[in-house]
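The values are calculated or read from the model by the stated rules, or taken from the named source; none is laboratory data. All of these numbers come straight from a predicted model, not from anything done at the bench. All Cβ positions, glycine included, derive from the backbone under ideal geometry; neighbour counts span all protein chains shown. We work out accessible area using only protein heavy atoms, side chains counted, and drop any ligands, DNA or RNA first. Shrake-Rupley method; radii C 1.70, N 1.55, O 1.52, S 1.80 Å.
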Amino acid sequence: MKKMPEEDQIITLDEMMTAVRTKVIGTFDLVVGIERGGVLPAYLASRWLDVPMETMRISFRDDTHQPLSEEPALLKGVSFDPKGKRILLADDVGNTGATLRRAAMELEGAQVTTMVISGNAAISLFGSHDRCIRWPWD
């Protein structure tokens with residue numbers, strides 16, 4: 001088992017669920033998670049809100065958090081018509097907002113509220129951050 005560096009932020013599943021319960025307020029028709037990192041917070045919010053969950057895949061950074069291209073690339077869009085829906089859009093980290101903006105383009109016509117585990121979004125479960133999140137499987 002790898003030892004985690006001391007400087008990494010550790011967030012437990014219980015802490016994440018508590019943050020979802022206290023910060024995700026409102027009425028939503030659907031939760032959309034941006035694969036890969038946004039799937040877990042999207043699932044937790046979907047369960048809490050008791051609404052369906054969908055995913056989309058956008059490629060922007062590699063596993064070392066380095067940009068793969070100048071702009072995020074849509075690899076898999078949504079399979080529903082977003083027009084008129086109230087959507088909670090979830091990702092793991094919001095640094096520049098580029099991935100969330102690209103995802104929101106695919107949800108044109110919907111009322112989109114963004115949510116991240118940490119960083120910049122309408123709902124940030126743990127506020128701003130100065131280091132990357134260490135997932136349990138890393």
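The table that follows gives values for the structure above.
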{"read-out": "Count of residues meeting criterion [hydroxyl-bearing (Ser, Thr, Tyr) and modelled with pLDDT of 95 or more] in the stretch 53-84", "value": "1"}
{"read-out": "Filtered residue count, the stretch 28-47, keeping only those that are open to solvent by 60 Å² or more (accessible area, probe 1.4 Å), at pLDDT 95 or above and under 18 Å from ALA121 (Cα atoms)", "value": "1"}
{"read-out": "Among the residues listed as ASP50, ASP14, the single one being more than 19 Å from ALA121 (Cα to Cα), at pLDDT 95 or above, surrounded by fewer than 21 Cβ atoms within 10 Å (Cβ to Cβ) and of a type in the set (Asp, Glu)", "value": "ASP50"}
{"read-out": "Cross-chain or 6+ apart pairs with Cβ under 9 Å, the stretch 65-79 first and outside any loop (DSSP other than H, G, I, E, B), then modelled with pLDDT under 70 and surrounded by fewer than 12 Cβ atoms within 10 Å (Cβ to Cβ)", "value": "none"}
{"read-out": "Subset of the stretch 90-107 [assigned to a strand (DSSP E or B) and open to solvent by less than 20 Å² (accessible area, probe 1.4 Å)]", "value": "ALA90, ASP91, GLY94"}
{"read-out": "Conditions (1) open to solvent by 50 Å² or more (accessible area, probe 1.4 Å); (2) in contact with a Lys or Arg (Cβ under 8 Å, 6 or more places away or on another chain); number of the one not met by ALA110", "value": "(1)"}
{"read-out": "Residue list for the stretch 9-53, restricted to those being of a type in the set (Gly, Ala, Ser) and in contact with a Pro (Cβ under 8 Å, 6 or more places away or on another chain)", "value": "GLY33, SER46"}
